[in-house]
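Below is one structure, written out as structure tokens; the observations come after it.
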Amino acid sequence: MKATVALAVFLLFGLQSAFASFGYFKAFDAQYPNNSLKRCDTCHIVPGPGVDNLTLYGKSMWEFRDLATAKEMLEAIELVDSDEDGFLNKAEIEAETNPSDKADFPAEQ
């Protein structure tokens, strides 16, 4: 019985989260082709649903979740400095540095 309940919970929440993440991966890949940041840990501290599992960049995405498309959300958070290191997310993504890690930022130009 417990296994059936656990499977039902996974199918309701875990699978939904996996499909949502896949949609964001597709949008991220389209927005930033050939970028190595297209990994789960760019947005999630640990796999799974819930705001508490999100990195600073993931939390920025969460704040813009009501925009119509994932593309619009990605464009909106380009103008945010999620980790407050002085570099906008777009600059960090283009430099392939982690927009959730204050110690990882683009080299000064």
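The values are calculated or read from the model by the stated rules, or taken from the named source; none is laboratory data. This structure is a prediction, so every number in the text was calculated from the model and none was measured. Cβ coordinates were reconstructed from backbone atoms using ideal geometry, including for glycine residues, and neighbour counts include every protein chain displayed.
Can you pull out every residue in the range 24-34 that is surrounded by 13 or more Cβ atoms within 10 Å (Cβ to Cβ) and either modelled with pLDDT of 80 or more or not in a helix (DSSP H, G or I) (or both)?
Lys26, Ala27, Phe28, Gln31, Tyr32
Just checking, how many residues over the range 64-73 are exposed (fewer than 14 other Cβ atoms within 10 Å of the Cβ) and not in a loop (DSSP other than H, G, I, E, B)?
So the answer is 1.
Which residue, of Leu56, Leu37, Leu88, is under 23 Å from Glu108 (Cβ atoms), surrounded by 15 or more Cβ atoms within 10 Å (Cβ to Cβ) and at pLDDT below 85? Please lay out each step first, then the result.
On the way: Leu56 fails: at pLDDT below 85; Leu88 fails: at pLDDT below 85.
After applying the criteria, what remains is Leu37.
Being at pLDDT 85 or above and touching a helix residue (DSSP H, G or I) at 6+ places or on another chain (Cβ under 9 Å) is the requirement here; does Ser21 meet it?
no
Test Leu79 against the stated conditions and say whether it is of a type in the set (A, V, I, L, M, F, W, C), outside any helix (DSSP H, G or I) and in contact (Cβ under 8 Å) with a residue 24 or more places away in the chain.
Taking the combined requirement at face value, the residue does not satisfy it.
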